[in-house]
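Engineer: Below you'll find the structure I mean.
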Amino acid sequence: MLAEAFHYLTAPASLRARLRGRVGSAVALWSRAGRCRAAWEPHYAQCHAAVAETVGTLPDPAPDGRGRTVLVLGSGLAHDIPLDLLAERFERVLLVDAVHLWPVRLRTLLHPRRRRIVHLVRDLTGPDPAVSGAWQTWQTDPAIGLVISANVLSQLPLGKANADRRPALVVSHLDALGRFPDSCPVLLLTDIGMIRRAPDGTILKRSDLLFGIPLPPSTWSREWDWTVCPFGEESSRHERIHHAGAWRLR
């Protein structure tokens with residue numbers, strides 16, 4: 001609790017981010033990631049493998065600077081992306097999220113290629129992120145050679161009371177990803193479904209984390225199960241497992 005309070009109080013975030021609950025959500029994620037590290041490691045490994053496979057297919061950056069930047073949307077704690085690989089392959093690594101806690105900032109500050117890594121504070125749950133100035137800038141930037149949506153899609157609708165607003169945020173994000181030029185690969189990392197399972201294997205609940213919104217066509221994909229909450233994290237009576245995956249949209 002003391003560590004959580006420290007990170008909440010010292011988080012480099014605006015008052016608006018605090019009032020909207022972004023700092024509290026970021027700290028809660030940091031805390032749960034620490035408690036569930038062993039259960040989350042296979043998920044991280046799958047995400048890293050998908051990013052590495054995508055990066056391995058990219059052409060060399062052009063002499064004029066095209067393709068020298070990677071854009072990571074919803075970078076969070078940066079555990080689910082191979083930061084070393086990205087910082088080696090790209091001249092600029094743009095980490096985008098509403099809040100960048102000090103553990104993440106210190107990790108990048110101590111990184112041997114820290115000059116390549118940039119933290120951008122952007123709230124992807126804005127009123128219309130598909131047509132915001134930030135999105136338009138990224139979508140028309142020829143330097144961006146890879147876009148990674150890093151396990152943020154299912155998180156966008158959290159806390160939204162209006163049911164229509166929740167699917168709209170999913171649709172808006174997918175639409176924004178689709179607006180990048182065909183020459184720019186887009187990798188979508190996301191969880192899409194959830195089950196709560198009792199110790200005897202009984203499925204207690206199922207949920208569609210994307211509210212029935214289908215994913216766009218992909219050129220390749222891989223899927224896996226992610227134990228988000230092992231027994232004892234939320235309850236001793238159930239574990240929570242998300243069905244996750246990686247989809248290369250182009």
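Engineer: Could you check Gly232 against (1) part of a loop (DSSP other than H, G, I, E, B); (2) modelled with pLDDT under 95 and say which number it fails?
Structural biologist: Here Gly232 clears every test but (2).
Engineer: Do we have any residue at all in the stretch 45-68 that's open to solvent by less than 10 Å² (accessible area, probe 1.4 Å), under 26 Å from Thr227 (Cβ atoms) and either free of Cβ contacts under 8 Å to residues at least 12 places away in the same chain or in contact with a His (Cβ under 9 Å, 6 or more places away or on another chain) (or both)?
Structural biologist: Yes, the conditions are met somewhere in the stretch 45-68.
Engineer: Which one of these does Val96 not meet: (1) touching a Ser or Thr at 6+ places or on another chain (Cβ under 7 Å); (2) surrounded by 20 or more Cβ atoms within 10 Å (Cβ to Cβ); (3) farther than 16 Å from Trp226 by Cβ; (4) in contact (Cβ under 8 Å) with a residue 40 or more places away in the chain?
Structural biologist: Single failed check for Val96: (4).
Engineer: Something else now. If Ala3 meets every condition in (1) open to solvent by 20 Å² or more (accessible area, probe 1.4 Å); (2) in contact (Cβ under 8 Å) with a residue 60 or more places away in the chain apart from one, which number is that one?
Structural biologist: Single failed check for Ala3: (2).
Engineer: To continue, here is another question. Go through the stretch 1-14 and give me each residue that's part of a helix (DSSP H, G or I) and farther than 20 Å from Ser75 by Cα.
Structural biologist: If the condition is that a residue be part of a helix (DSSP H, G or I) and farther than 20 Å from Ser75 by Cα, then Leu2, Ala3, Ala5, Phe6, Leu9 are the ones that fit.
Engineer: What number of residues within the stretch 229-250 satisfy the criterion of being open to solvent by less than 70 Å² (accessible area, probe 1.4 Å) and polar (S, T, N, Q)?
Structural biologist: Number satisfying all stated conditions: 1.
Engineer: For the stretch 15-44, enumerate the residues that are in contact with a Leu (Cβ under 9 Å, 6 or more places away or on another chain) and either open to solvent by less than 30 Å² (accessible area, probe 1.4 Å) or in a loop (DSSP other than H, G, I, E, B) (or both).
Structural biologist: Pass one, the stretch 15-44, residues in contact with a Leu (Cβ under 9 Å, 6 or more places away or on another chain): 23, 25-27, 29-30, 33.
Once the filter is applied, which keeps residues that are in contact with a Leu (Cβ under 9 Å, 6 or more places away or on another chain) and either open to solvent by less than 30 Å² (accessible area, probe 1.4 Å) or in a loop (DSSP other than H, G, I, E, B) (or both), the stretch 15-44 yields Val23, Ala26, Val27, Ala33.
The values are calculated or read from the model by the stated rules, or taken from the named source; none is laboratory data. Given the structure is predicted, the values throughout are model-derived calculations rather than measurements. FYI the Cβ positions are ideal-geometry reconstructions off the backbone, even for glycines, and counts take in every protein chain you see. Ligands, DNA and RNA are stripped out before the accessible areas are found, and what is left, the full protein with its side chains, is counted by its heavy atoms. Shrake-Rupley method; radii C 1.70, N 1.55, O 1.52, S 1.80 Å.
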